[in-house]
Amino acid sequence: NVTRLVAASLEVPRGLLGFIREMKVGELGIVEVDAINSGELPLEVLLQRLVDYAAARNLPSGWVPSTFFWLLDESGSVVAASSLRHSLTPLLTIHGGHIGYRVKASERGKGYGTQVLALTLPHARALGLDRVLLTVDSDNERSIHVIERNGGVMQDEGIDETTGRLHRRYWIDLAQP
């Protein structure tokens, strides 16, 4: 699959609305999913927020700067997305980590998860990060496989106090390209 990773901008990539329609509120840090899906919040407003978050502007209280990326397939349609948080808060060290990613439901099992994470890692390195933390529910075998395929080493497993679910924390070392 020929794909490319692009940073979120004010340009609306093909298929973005369909991609967002599949998301749960708060996934990848996008809390306005319902408002976008109802048409109450224009997609352009969301894109401006994502651009602002990458530039550390207009961040909600307690948030860290983060860069959003779209993984586009050969036709230029969004098949996956990632969110790269530039630093960690105490809460993010338990739930969220540096990188979150999501693959469109109809595109799962095609290697896009592995690709979106692999293509996001050089951007983390460019921010000066030596390693990145990823968190995952312990029963999410596909995501665990994606993380491990990208060099993730499990630090620990425990109960996520935010969700009450068993989860794992993985680190990926960025020192080696």
Quiz item: Quick one: putting +1 on the C-beta of Lys and Arg, -1 on the C-beta of Asp and Glu, what dipole do you get for the stretch 114-177 around its Cα centre, in Debye to the nearest 20?
Solution: 280
Exercise. Compare the Cα positions of V6, P42, F19 along the charge dipole of the stretch 1-47 (+1 at Cβ of Lys, Arg; -1 at Cβ of Asp, Glu; about the Cα centre) and return the one farthest towards the positive end.
Key: V6
Self-check item: Helix 112-126 axis, angle to the chain major axis (alpha carbon atoms, nearest 10°)
Solution: 80
Exercise. First compute the accessible area of the chain with a 1.4 Å probe, then give the percent of it belonging to carbon and sulfur atoms.
Key: 52
Quiz item: Counting alpha carbon pairs within less than 8 Å and at least 6 residues apart, what relative contact order, in whole percent, applies to the chain?
Solution: 17
Quiz item: In the stretch 79-177, with Lys and Arg counted as +1 and Asp and Glu as -1 at Cβ, which of these residues, S138, L88, N150, has the Cα nearest the positive end of the dipole, that is, farthest along it?
Solution: N150
Exercise. Could you tell me which of rounded, prolate or oblate describes the stretch 109-162, using a ≥ b ≥ c as the square roots of the eigenvalues of the alpha-carbon gyration tensor, with rounded for a/c under 1.5 and, failing that, prolate when a/b is larger than b/c and oblate otherwise?
Key: oblate
Quiz item: So if R0 is 45 Å, what FRET efficiency would D139 and A55 give, r being the distance between their Cβ atoms, rounded to the nearest 0.05?
Solution: 0.80
Practice problem: Report V2's accessible area, 1.4 Å probe, all protein chains in place, as a number in Å² to the nearest 10. | Solution: 110
Quiz item: What order do you get for 73-83, 134-144 when each peptide is scored by the mean count of other beta carbon atoms within 10 Å, highest first?
Solution: 73-83, 134-144
Self-check item: Simple spin-label estimate for L88 and E22 in nanometres, 7 Å along Cα-Cβ
Solution: 2.9
Self-check item: the stretch 85-177 shape via C-alpha gyration tensor axes, a/c threshold 1.5
Solution: oblate
Quiz prompt | Residues of the chain: accessible area per residue with a 1.4 Å probe, Å² | solution = 51
Exercise. Quote the Stokes-Einstein diffusion coefficient, in whole µm² s⁻¹, for the stretch 48-128, based on the Kirkwood radius over alpha carbon pairs, a temperature of 4 °C and a viscosity of 1.567 mPa s.
Key: 96
Quiz prompt | Nearest-20 debye value, the stretch 1-153 charge dipole, Cβ charges on Lys, Arg, Asp, Glu | solution = 320
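The values are calculated or read from the model by the stated rules, or taken from the named source; none is laboratory data. Just so you know, these numbers come straight off a predicted model, no measurement behind them. We place every Cβ from the backbone using ideal geometry, glycine too, and count neighbours over all the protein chains shown. What goes into the accessible areas is simple: the full protein's heavy atoms, side chains included, and nothing from ligands, DNA or RNA. Shrake-Rupley method; radii C 1.70, N 1.55, O 1.52, S 1.80 Å.
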